[in-house]
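Here the structure comes first, spelled out in structure tokens, and everything after it is commentary.
The values are calculated or read from the model by the stated rules, or taken from the named source; none is laboratory data. Not measured: the values here are computed from a predicted model. Cβ atoms come from the backbone with ideal geometry, glycine included; neighbour counts cover every protein chain shown. Accessible surface is based on the protein model in full, side chains and every heavy atom, while ligands, DNA and RNA are left aside. Shrake-Rupley method; radii C 1.70, N 1.55, O 1.52, S 1.80 Å.
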Amino acid sequence: MRMTLRMFYCVLPVLCLTLSSPVMAAQSLKLLRADRQQIPAQAYLPDAACKGVAVISHGAGGSEKGYAYLAEALAARGWLAVVPAHQESGTRVLGRSLLRHKPNEALTQMVTDSAAYRSRLEEIGLAKDWARQRCAQGEAVLLGHSMGAATTMIEAGAENLVGVRGERRFDRYVAMSPQGSGLIFPVHAWSAIRQPVLMLTGTRDAELGGLSWQSRTEAFTEMPPGCKWLGVIDEATHSHFGGRGLNAAMENLITSTVFSFLDGGQRCVLPAPQAGLQLQQR
């Protein structure tokens with residue numbers, strides 16, 4: 001497996017997200033894990049009555065302070081959004097690993113760490129419970145990017161090579177930069193996912209190991225039909241979905257597609273075509 005240092009820096013959310021300016025609308029909180037460790041999180045509360053809860057799972061090396069563009073947009077549309085930190089696959093862990101390993105080795109170790117995924121699933125559950133105490137109505141949705149997308153698909157019921165089982169605690173799932181079969185998922189890993197799923201990638205969203213962006217569409221063809229969406233955004237990179245380098249047009253394509261998916265209800269009707277976006281449904 002080959003991966004250049006330049007690609008690594010474009011892929012890692014820790015380096016793509018921590019450069020963004022702080023968002024004053026976010027509320028900081030602590031979530032208490034079963035091991036008594038306090039997990040930082042950022043909550044984005046809607047101004048009016050909430051329409052549902054949304055948990056965002058960050059990528060490898062990220063933190064609770066990332067994905068503000070998406071969390072703010074969700075709150076503006078009435079969702080109570082929470083971004084929990086993933087301690088075993090966050091900024092500090094990645095930094096320590098980079099002192100001992102080459103970038104591609106450090107990232108590969110992190111995204112294949114069973115303990116990290118178990119902690120992630122606990123942390124998203126805590127975030128959902130915290131949000132539900134403040135917003136009991138509406139659906140619960142899990143959104144994830146990169147390693148967070150893997151977490152999202154595992155939680156939705158995907159078979160995996162890290163020995164972790166999801167609990168299917170959410171009504172809908174959004175996976176940005178999802179993975180194909182390989183390091184994390186075996187072939188046909190997604191055949192048991194029944195819930196609605198939106199997958200988003202871009203024509204410059206290369207996968208770890210030098211695989212083309214098309215590998216990220218594999219799960220779409222493997223999942224059983226029934227409100228499964230695949231969106232491919234022209235020229236979108238891995239970093240764009242993480243919130244770095246977004247222009248207004250591309251940000252609108254990402255967020256408007258997410259909202260169309262979340263607001264579609266049981267009918268799950270595709271929105272009108274948009275320039276720069278290829279969107280299909282099964």
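For the reader, a short list of remarks on this structure follows.
- The alpha carbon gyration tensor of segment 190-282 gives principal lengths a ≥ b ≥ c with a/c of 1.5 or higher and a/b no greater than b/c, which makes the shape oblate.
- Ranking by accessible area, most exposed first, for Glu167, Glu222, Glu207 with a 1.4 Å probe: Glu167, Glu222, Glu207
- In terms of its alpha-carbon gyration tensor, segment 198-244 comes out oblate; a/c meets the 1.5 threshold, while b/c is at least as large as a/b.
- Three-way shape call for segment 129-246 based on the alpha-carbon gyration tensor, with the a/c threshold at 1.5: oblate
- Ligands, DNA and RNA are left out, and with a 1.4 angstrom probe the accessible area of segment 73-147 is 40 Å² per residue.
- Computed on the chain, with alpha-carbon pairs under 8 angstrom and 6+ residues apart, the relative contact order is 16 percent.
- Projecting the Cα atoms of Gln109, Ala71, Ala275 onto the charge dipole of the chain, computed from C-beta unit charges around the Cα centre, puts Gln109 farthest toward the positive end.
- Annotation: extensible slack from Gln38 through Arg168 equals 44.4 nm (criterion: 0.36 nm per residue apart, minus Cα-Cα distance).
- The listed residues Arg282, Arg134, Arg172, Arg165, once ranked by accessible area (1.4 Å probe) with the largest placed first, stand as Arg165, Arg134, Arg282, Arg172.
- Accessible area in square angstrom per residue, segment 160-234, 1.4 angstrom probe: 36 Å²
- Placing a label point 7 Å from the Cα of Gln266 along the Cα-to-Cβ direction, the residues of segment 207-235 whose backbone N falls under 20 Å of that point are 225-229.
- For segment 131-282, relative contact order (Cα pairs under 8 Å, six or more residues apart, normalised by length) works out to 19 percent.
- The listed residues Asp205, Asp35, once ranked by accessible area (1.4 Å probe) with the largest placed first, stand as Asp35, Asp205.
- When nucleic acids and ligands are ignored and a 1.4 Å probe is applied, Ser212 ends up with an accessible area of around 60 Å².
- Each label point was placed 7 Å from the Cα along the Cα-to-Cβ direction; for Ser28 and His101 their separation is 3.0 nm.
- Placing dummy labels 7 Å off each Cα toward the beta-carbon, the span from Arg204 to Leu161 is 2.9 nm.
- Accessible area of His238 in the full protein assembly, 1.4 Å probe (Å², nearest 10): 10 Å²
- Within segment 36-114, percent of DSSP bridges classed antiparallel, to nearest 5: 45 percent
- The apolar share of the surface of the chain, taken as the fraction of accessible area on carbon and sulfur atoms (1.4 Å probe, ligands and nucleic acids excluded), comes to 51 percent.
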